[in-house]
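See below for the structure under consideration.
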Amino acid sequence: MGFFSKDIKSLDDLFVHTLRDIYYAEKQIVKSLPDMVEKATNPMLREGFQKHLEESKGHVARVEQVFEMHGETAKTVNCPAIDGILAEANEVAGEVDDKQVLDAALIAAAQAVEHYEITRYGTLIEWAKQLGRDDCAEVLKQNLDEEKATDKKLTELAESKVNLQAAE
Ligand code: FE
Ligand code: FE
C-alpha cells in the first residue's frame, strides 16, 4: 500500500497506516541492533546499543498494544525510509577499517534511526490526540521518550569520547 493509496481516506486510516510503518521499522531495528553491538568497540557504545535493543523490543510490544487498543490487528507495511537508513549504515560500516572511526560512523547511523523514530512517534502522538485517543498517545509517548533519551546519550558519547578518538 503506497503512501497516497486510495485506502487512506481519513485521519484514522492515516494513523493506522503510520502505526504499521513504525511497527515495521521497530522490527527491522530489533534485527539490526545485534550487528551494531558486535561492530562497536567503545564499551559504553556497545552497552548503549545493547540496552536500546532491549528497549526496542519493548517498543514493538507497545506498538502492538496500541493496535489492540485501537481495535486493529498488528500488521506491518513496508517502510523504504528505514530500510534505506539501515542499508546505508551497513554499507558505510563495511567501508570503515579504523575501529574508532567505525564507532563514530555507528553513532551517526544510530542517530539517523532515532531521528526517524522520533519524527514518526511525534506525528502519531499528535494524530492520536486529534482522534480522541489520549490513551494511545500516552503509550506512544513512552516510546518517544526512550528514543529521545537514546539520541541524547549518543550525542553525549560522540562529543565526549568517540569523535575525539576517531580524530586521533
Ligand atoms: Fe524504537
Ligand atoms: Fe530507537
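The values are calculated or read from the model by the stated rules, or taken from the named source; none is laboratory data. For clarity, every value in this text was computed on a predicted model and none was experimentally measured. So basically every Cβ, Gly included, is an ideal-geometry build from the backbone, and we count neighbours across all protein chains shown. Ligands, DNA and RNA are stripped out before the accessible areas are found, and what is left, the full protein with its side chains, is counted by its heavy atoms. Shrake-Rupley method; radii C 1.70, N 1.55, O 1.52, S 1.80 Å.
Scanning the stretch 36-69 for residues that are in a helix (DSSP H, G or I) and more than 15 Å from ligand 1 (Cβ to nearest atom) yields a count of 11.
Can you find even one residue in the stretch 103-116 that is among the hydrophobic types (A, V, I, L, M, F, W, C), farther than 16 Å from PHE49 by Cα and assigned to a helix (DSSP H, G or I)? Checked the stretch 103-116: no residue is among the hydrophobic types (A, V, I, L, M, F, W, C), farther than 16 Å from PHE49 by Cα and assigned to a helix (DSSP H, G or I). For the condition within 14 Å of ligand 1 (Cβ to nearest atom), among the basic types (Lys, Arg) and either modelled with pLDDT under 95 or under 24 Å from ASP12 (Cα atoms) (or both), ARG133 does not qualify. Quick one: would you say MET69 is more than 25 Å from ALA137 (Cβ to Cβ) and either more than 16 Å from ligand 2 (Cβ to nearest atom) or open to solvent by 20 Å² or more (accessible area, probe 1.4 Å) (or both)? Against the criterion (more than 25 Å from ALA137 (Cβ to Cβ) and either more than 16 Å from ligand 2 (Cβ to nearest atom) or open to solvent by 20 Å² or more (accessible area, probe 1.4 Å) (or both)), MET69 does not qualify. Annotation note: of LEU86, LEU140, the sole residue that is touching a Leu at 6+ places or on another chain (Cβ under 6 Å), crowded, with 20+ Cβ neighbours inside 10 Å and part of a helix (DSSP H, G or I) is LEU140.
Taken as a whole, the condition of being part of a helix (DSSP H, G or I) and closer than 19 Å to THR119 by Cβ does not apply to LEU33.
I need the full set of residues from the stretch 91-135 which are touching a residue at least 12 places away in the same chain (Cβ under 8 Å), more than 16 Å from ligand 2 (Cβ to nearest atom) and open to solvent by 40 Å² or more (accessible area, probe 1.4 Å), in order please. The answer is VAL92, ASP98, LYS99, GLN100, VAL101, TRP127, GLN130, LEU131, ARG133, ASP135.
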